[in-house]
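Asks: Questions regarding the structure given below will be posed in turn.
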Amino acid sequence: MFVLQQGTLDPGQYIPPLIGAVTTVVLFVVVFAILYLLGQAVVTPTVERALRARDVNETLVGLAVSVTVTVTAVVAIALAATVAGFGVVLAAFATLAGALALAVGFAAQDLIANFVAGVFIIQDEPFAVGDWIEWDGNEGVVREIGLRVTKLETFDNQLLTAPNADLANSAVVNNVANDRRRVSVGFGIGYEDDIDHAREVILEEGAAIDGVLDDPAPSAPVTELGDSAVVLSGRLWIDPAESGYGPVRARFLEAVKQRFDAEGIDMPYPNTELSGGVEVRNVEADGGVTSD
């Protein structure tokens with residue numbers, strides 16, 4: 001037979017541990033609040049003012065402020081836990097967080113690379129929204145620059161999304177970055193045609209196109225003596241912010257072609273002249289070969 005002995009319950013034995021737990025929690029909360037508010041009042045505004053003083057892009061300023069707030073909160077939690085006596089638990093969580101960060105870093109290498117490239121693109125500004133750029137056989141007008149991808153619109157009205165790492169690691173041509181751009185078109189004329197006459201036609205037609213600048217003046221030097229034609233390079237200068245490269249080039253081509261036709265200036269197409277003789281032989285039914 002088992003005898004159940006009943007004892008008296010002493011609530012007083014739980015009071016000291018409870019007071020110690022409450023004191024620890026209150027100490028943690030107070031230290032965290034002081035450190036976090038101090039960081040919000042001092043560190044975050046200091047970072048923001050320093051970046052704005054250096055004319056850093058607003059997108060990066062916002063990102064830096066957000067990161068500063070997060071870092072301030074993490075540091076406040078770590079210091080408050082240390083002061084309150086949560087060091088062992090904090091060390092365990094720090095180890096776990098480090099392992100998770102390492103695993104995520106390996107799994108998200110491309111994402112991180114695109115993010116870092118986006119930061120540099122926004123800061124260095126090799127191109128801006130509205131610019132026409134070319135890279136690795138692609139081209140388009142920039143519509144949005146994000147921290148991970150850049151969105152462009154092609155001339156066929158297609159949406160092109162390019163990872164920022166591809167743009168940061170490629171030679172990007174910005175066709176509208178400068179206030180002047182040259183439009184060059186090669187015009188081939190026959191070897192019997194008058195070069196000065198053809199040059200005069202090219203310069204007159206080029207200067208008559210809307211948007212073509214007077215300075216530098218249009219020019220048309222001879223750039224090649226081809227197999228079938230003498231090539232003159234018609235060169236015009238435009239302001240890409242005011243005149244489109246494609247439309248000006250198209251009008252230039254059409255105007256010179258029509259004027260050449262009216263002036264009787266030949267625009268020969270490539271041709272090949274064969275010399276020598278040709279011998280024709282007939283094959284008889286029995287397999288023999290006879291000459292005509």
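Asks: If we sort 265-271, 131-137 on the protection proxy, mean other Cβ atoms within 10 Å, highest first, what's the order? Show your work: numbers first, answer last.
Replies: On the way: 265-271: 12.7, 131-137: 15.9.
Top to bottom by mean Cβ count within 10 Å: 131-137, 265-271.
Asks: Another question, then. For the range 95-239, evaluate the Debye formula with one uniform point scatterer on each Cα (no solvent term) and list log10 I(q)/I(0) at q = 0.10, 0.18 Å⁻¹, rounded to two decimals.
Replies: At q = 0.10, 0.18 Å⁻¹ the computed log10 ratios are -0.56, -1.00.
Asks: Take the alpha carbon gyration tensor of the range 162-292, find the square roots of its eigenvalues, order them as a ≥ b ≥ c, and report rounded if a/c is under 1.5; if not, report prolate when a/b exceeds b/c, else oblate. The partial results should precede the final answer.
Replies: Working: a/c = 3.85, a/b = 1.78, b/c = 2.17.
Here the range 162-292 falls in the oblate category.
Asks: Ranked highest first by the average count of other Cβ atoms within 10 Å around their residues, in what order do 38-44, 156-162 fall?
Replies: Top of the packing list down: 38-44, 156-162.
Asks: With all protein chains present and a 1.4 Å probe, how do Phe260, Phe115 order by accessible area, largest first? Walk me through the intermediate numbers first.
Replies: On the way: Phe260 0, Phe115 80 Å².
Largest accessible area first, the residues go Phe115, Phe260.
Asks: Something else now. In whole angstrom, note down how far apart the Cα centers of the range 218-238 and the range 150-217 are.
Replies: 14 Å
Asks: Estimate the FRET efficiency between Glu224 and Lys257 by the formula 1/(1 + (r/R0)^6), using the beta-carbon distance for r and 22 Å for R0, to the nearest 0.05.
Replies: Efficiency, from the Cβ-Cβ distance: 0.75.
The values are calculated or read from the model by the stated rules, or taken from the named source; none is laboratory data. The model shown is predicted, which means the values in this text are computed figures rather than measured ones. Glycine also receives a Cβ, built like all others from the backbone with ideal geometry; neighbour counts cover every protein chain displayed. Just so you know, the surface numbers come from the protein's heavy atoms only, side chains and all, with ligands and any DNA or RNA stripped out. Shrake-Rupley method; radii C 1.70, N 1.55, O 1.52, S 1.80 Å.
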